[in-house]
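Working notes for the structure below.
Taken together, the values in this text are just the output of simple stated rules run on the coordinates, not laboratory data. Note that this is a predicted model, so its numbers are computed, not measured. Here Cβ is always computed from backbone atoms with ideal geometry, including for glycine, and neighbour counts include all displayed protein chains.
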Amino acid sequence: MAGGIAEKENGAPAGSVSLPVILFTFLKIGAFTFGGGYVILPIIQREIIHRLAWLEMEDFMDILIITQSLPGPLALNCSIIVGQRLRGTAGGLVAALGIVLPSFLIILLLAAFLLPVVWDNKYVQAAFYGLRPAVAALVSAVALNLGRRFVQDRLSLGLLALLLGAALAFRLHPVFILVLGAFLGLLFCRKNE
Amino acid sequence: MNFLLLLDLFWSFFKVGLFSFGGGYAMIPLMEAELITRHGWLTAKEFIDIIAIAETTPGPISINAATYVGFRLAGITGSATATIGVVSPSLFILLALGTFLLKTIKMKDPRVESIIRGLRPAVIILILLAAFSLGKTGLVDGTTFAIAAALFLGSVLFKVNPFYLLAAGAVLGLILFPYY
C-alpha cells in the first residue's frame, strides 16, 4: 500500500484549473450544502470527481482518510486539500474561502437582520421549542451510529468504557479526553495483522 | 473596538478548530467549555439554538457557531475574527505542514493508526456527553421529551438527513407548543 506515494498523473494536471474556477466551485458547494461534513463530503465527491473530473476516485479516498485523521471541520479540510492539489497554496486558500464564505454571509445576515426582528415572535419561539429536543435527538443518534460502526471489537469497547468512566468520574476537559484516547490507542492498539 | 475581546474570541475558536476531530458534533463539549463555562459568552439555551441554526443553514457547525458568536459579541469584526480563528488550524496544518503530514499518513505508519483507533472511542464519548448536556437543555417537559424520543427513533431507524430531522422538530414544535 505504501507504493501509493509515487506521484501519478491523475485527473486534471496540476495548474490547469484556474483560481476563479476553484473559488466558484467551492462557493457553490458551500452555499447549497446543509449540515455538517457527512452531508458535504458526498457532494464534494460528486462535483470534483464525477462532474469536473479533477481527481480520480482513488485520490479522493486518500484525501478522505487524511481529512478524517486531522483536526478541523471535515468539509473545510477536504476542500483545502483538493484546492491545494489543483493550484498549490493559493488553490488551498481559495477553496477554503469558497467553502466558508456562503455560511459566513448567511449567518451574518441572520444574526444582524433576521433574528433580532423575529426572535420574540411566538411562532419562532414555538419552532425553537421543537428544534431543541430535535438537536438532542440528532446528536444522540450520531453517537449511537458511530458507536455501532466503530466499536465492534472488545478493545474498542474497553477503551470506550474506560474513557466514559474517566470522563464522568473526573469531569475531564474535552481536550483531555481526546489526548487520553490518543494515548491509550498508542498504548494498546497494535496492528492485528 | 475591544482588542482583548477579539483576541479572546480568536484564541477560543482557534482551540475549537485545533481540537475538533471526527466531525462537528465532537467539538460541542469543547465549545461549551470555552463559550459557556469559561467565558460566559452564551447561555446553554442560546448555545443549543445556535446548533439548531447551524444545522439548518449551509456550512460546518463550528464555522456557523463562530460567525454567530463573534457577531453577538463584537459585530462584524468579531464575526470575522472568530471565523478566521476556527479555520486557521486547518489552513496552517494542511498548507504549511501538508506534504509532510500527507506522506506520513499515507505511509500507514502503525502509530498513526493506533492513535486514530484510540481517538474514535474518545470522539464517541464527546458526542455522548454533548447529547447528554443538550438533552438537559432541550428536554424541558413531557412534550419535548416525546419529540426527542420520536425523532431519535426516526433517525436511528431511517437514517434521516439532519436537515429534515430538524425541520420535523420545528414543525412538531409549532404544533405542540404549549405557551401560545
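The translational diffusion coefficient of region A:122-188, from Stokes-Einstein at 20 °C and 1.002 mPa s with a Kirkwood hydrodynamic radius over alpha carbon pairs, comes to 151 µm²/s. When the alpha carbon gyration tensor of region B:64-180 is reduced to an equivalent ellipsoid, the three semi-axes, largest first, read 36, 24, 13 Å. The charge dipole of the protein assembly as shown, taken about its Cα centre with unit charges on the Cβ atoms of Lys, Arg (+1), Asp and Glu (-1) only, comes to about 460 debye. Each of A:PHE113, B:THR57, B:MET31 was scored by the projection of its Cα onto the charge dipole of the protein assembly as shown, and the greatest displacement toward the positive side belongs to B:MET31; charges sit on the C-beta of Lys, Arg, Asp and Glu. If you take the Cα centroid of region A:28-100 and the Cα centroid of region B:1-39, the two points sit 23 Å apart.
Cβ-to-Cβ counts within 10 Å put A:CYS189, A:CYS78 in ascending order as A:CYS189, A:CYS78, the fewest first. Secondary-structure-derived ellipticity at 222 nm for the protein assembly as shown, considering helices only, amounts to -24500 deg cm²/dmol, per-run term -39500 (n - 2.57) for DSSP H runs with n ≥ 4. Can you tell me the FRET efficiency between A:ARG46 and B:TYR180 if r is taken as the Cβ-Cβ distance and R0 is 45 Å, rounded to the nearest 0.05? Plugging the Cβ-Cβ distance into 1/(1 + (r/R0)^6) gives 0.55.
Its Cα centre serving as origin, chain A has a Cβ charge dipole (Lys and Arg +1, Asp and Glu -1) of approximately 500 debye. For chain B, the relative contact order comes to 27 percent (Cα pairs under 8 Å, sequence separation of at least 6). In chain A, Cα pairs under 8 Å separated by at least six residues give a relative contact order of 20 percent. Among B:TYR25, B:TYR164, B:TYR68, the order by Cβ neighbours within 10 angstrom, fewest to most, reads B:TYR164, B:TYR68, B:TYR25. Note that region B:3-108, at 37 °C in a medium of 0.692 mPa s, gets a Stokes-Einstein diffusion coefficient of 231 µm²/s from its Kirkwood radius over C-alpha pairs. Here B:VAL140, B:VAL69 are placed in order of increasing Cβ neighbour count within 10 Å, fewest first, which gives B:VAL140, B:VAL69. Built from the Cα atoms of chain A, the convex hull projects on average onto 15.0 nm², one quarter of its surface area.
Note on B:ALA96 and A:LEU109: the model spin-label points, each 7 Å out from Cα along the C-beta direction, lie 3.5 nm apart. Restricting the calculation to Cα atoms, the protein assembly as shown yields a radius of gyration followed by a Dmax of 20.4, 65 Å.
For the protein assembly as shown, lysine pairs with C-alpha atoms less than 15 angstrom apart, excluding pairs fewer than eight positions apart on the same chain, total 4. A simple rule links phi to the HN-Hα coupling: the Karplus curve 6.51 cos²θ - 1.76 cosθ + 1.60 with θ = phi - 60°, which for region B:50-60 gives 5, 5, 4, 5, 4, 6, 9, 10, x, x, x Hz, with x for Gly and Pro.
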